[in-house]
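Worksheet for the structure shown next.
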Amino acid sequence: MSLPLSHPALLAADPELASLVGSEELLQSETLRLIPSENYVSAAVLEASGTVLQNKYSEGYAGRRYYEGQQVIDQVETLAINRAKAVFGAEHANVQPYSGSPANLAVYLAFARPGDTVMGMSLPMGGHLTHGWGVSATGTWFRGVQYGVRQDTGVIDFDQVRGLARKERPKLIFCGGTAVPRTIDFAAFAEIAREVDAVLVADIAHIAGLIAGGAHPSPVPYADVISTTTHKTLRGPRGAMLMSRETHAKAIDKAVFPGLQGGPHNQTTAAIAVALHEAAQPAFRDYARAVVANAKALAGELLARGFDLVSGGTDNHLILMDLTPKEVPGKVAAKALDQAGIVVNYNTVPYDPRKPFDPSGIRIGTPSLTSRGLTTEHMPAVADWIDRGVTAAKSGDEGALTKIRAEVSELMAAYPAPGLPTG
Ligand code: DSN
């Protein structure tokens with residue numbers, strides 16, 4: 001398979017780099033991308049992120065900048081802010097954070113001081129580095145206490161969360177994470193946060209698109225602050241946003257700039273605005289529902305093939321597979337699947353006896369394949385490829401992987417990806 005040459009200026013100026021971009025386009029086109037935090041953005045989002053808006057410095061906020069010439073940029077940022085507020089029903093939005101980790105760091109800066117106690121889900125249980133995990137700046141500069149999931153059910157243990165919060169009295173409580181296959185009970189977290197007078201931060205990076213599309217409950221009535229990236233299920237550029245009640249607006253804005261960052265990336269702000277416009281359309285509600293329907297169907301097919309899924313399945317876009325019963329380490333399976341044209345990431349599972357760089361599980365999700373138009377009808381085939389790939393990983397059957405790759409590539413050719421040149 002080949003794709004038509006695109007990016008003519010790049011090709012003329014730097015053929016070496018243009019060729020690498022072309023190779024990546026081909027890879028993204030031919031493979032079944034199952035990493036749950038990845039997606040395909042629309043051609044409109046891609047175009048917006050490659051505009052001359054990137055030439056402009058605009059430290060500050062609309063109407064209060066430290067550089068002149070903001071006649072257009074102020075309008076772009078205001079448009080993005082208003083769309084974020086409308087899509088999520090939030091009182092305040094800041095669209096300047098460069099990505100999820102800086103967005104979360106800004107929350108610490110706004111509400112805590114070094115040495116304060118903060119609470120979040122532990123990374124190996126499905127949380128995020130920036131929720132106070134030890135190796136992150138947030139676990140070094142703050143005192144991170146961590147909750148997890150129950151070993152018998154794989155779901156969050158609210159008795160543990162409440163007990164820990166009462167004992168440790170954290171300044172911040174983070175909910176949300178990177179490997180949470182079940183609905184996040186924002187109301188339960190809010191009740192605990194109120195009881196101990198903590199700021200509740202809902203990190204919705206993974207599920208922002210599902211919330212925007214009405215396929216996951218919203219944290220807006222419950223959380224003091226909402227942090228999200230914009231490039232996962234929301235299908236926008238690589239960026240982030242912070243949303244909050246009006247009472248916290250000043251603290252959040254001051255923490256992002258001048259607290260943590262300099263000039264915002266205006267081309268990204270523009271692309272966020274486009275993605276939010278797309279997320280406001282009725283078709284996006286269909287997309288969000290389809291992502292979840294595909295994940296549930298895929299989980300059912302995997303269970304039927306004897307796979308062990310953390311928490312027994314999924315309510316959202318993400319499935320966490322514990323491969324221990326299959327006697328294949330996550331990394332070995334992930335590398336074999338990659339060879340078969342199925343892109344996943346190896347991942348720790350709760351109570352994993354193995355090391356994070358060589359864990360027991362793989363993490364998969366349906367945002368990207370749904371963006372290409374695959375439906376629940378395709379999930380038996382996807383589960384079958386995963387099953388055959390994991391079996392081939394165990395036996396070292398390279399031929400089986402090559403065969404799966406050809407089958408995957410054939411199906412993908414029939415479902416062109418948004419934003420990519422079509423062959
Ligand atoms: N790295 C992201 C993910 O893959 O879930 C989270 O930041």
Next item on the list: Can you tell me how much longer the chain between T247 and D397 gets when fully stretched, taken as 0.36 nm per residue apart minus their C-alpha distance, in nm with one decimal?
Entry: 48.1 nm
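Based on the mean of other Cβ atoms within 10 Å per residue, sort peptides 158-167, 209-218 so the most packed one is first.
On the way: 158-167: 15.3, 209-218: 23.0.
Result, highest mean Cβ count within 10 Å first: 209-218, 158-167.
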Next item on the list: For the chain, give the magnitude of the charge dipole about the Cα centre (Cβ charges: +1 Lys/Arg, -1 Asp/Glu; no others), in debye to the nearest 20.
Entry: 800
Next item on the list: Report, in whole Å, the centroid distance computed from the Cα atoms of region 325-366 and region 176-242.
Entry: 26
Check: Using a Gaussian network for the chain with springs between C-alpha atoms less than 10 Å apart, which of these wobbles most: A190, A251, A293?
Finding: A251
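Assign one of three labels to region 69-112, namely rounded, prolate or oblate, based on the Cα gyration tensor with a ≥ b ≥ c the square roots of its eigenvalues; rounded applies when a/c is under 1.5, prolate when it is not and a/b is larger than b/c, and oblate otherwise. Before the final figure, lay out the partial values.
On the way: a/c = 2.51, a/b = 1.47, b/c = 1.70.
Cα axes put region 69-112 in the oblate bin.
What's the ranking of 173-181, 229-237, 346-354 by average number of surrounding C-beta atoms within 10 Å, highest first? Before the final figure, lay out each step's value.
Details: 173-181: 26.9, 229-237: 28.8, 346-354: 19.7.
Sorting 173-181, 229-237, 346-354 by mean packing, highest first, produces 229-237, 173-181, 346-354.
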Notebook entry, point to check: How big is D, in µm² s⁻¹, for region 193-330 by Stokes-Einstein at 37 °C and 0.692 mPa s if Rh is the Kirkwood radius over C-alpha pairs?
Noted result: 191
Check: Can you give me the pair-distance distribution of the chain, C-alpha pairs, 10 Å bins, whole percents?
Finding: 5, 21, 30, 27, 14, 3, 0
Margin query: For region 376-420, take N as its residue count and report Rg(C-alpha) divided by 2.2 N^0.38 Å.
Written below: 1.29
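Within 10 Å, at most 12 other Cβ atoms, and a DSSP state outside H, G, I, E, B define an exposed site. Report the longest part of the chain free of exposed GluC sites (Glu not before Pro). Intermediate values should be presented prior to the final figure.
Working: sites that count: E68, E327.
Longest gap between qualifying sites, sites excluded: 69-326.
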Item checked: Dimensions (Å) - region 19-173, Cα atoms, principal axes, largest first -> 52, 46, 30
Notebook entry, point to check: Rounded to the nearest 500 deg cm²/dmol, what is the calculated helix-only ellipticity per residue at 222 nm for the chain, with -39500 (n - 2.57) per DSSP H run of length n ≥ 4?
Noted result: -13000 deg cm²/dmol
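Here, each number is a calculation from the coordinates, and none is a lab measurement. Keep in mind that what you see is a predicted model, and the values were worked out from it rather than measured. All Cβ positions, glycine included, derive from the backbone under ideal geometry; neighbour counts span all protein chains shown.
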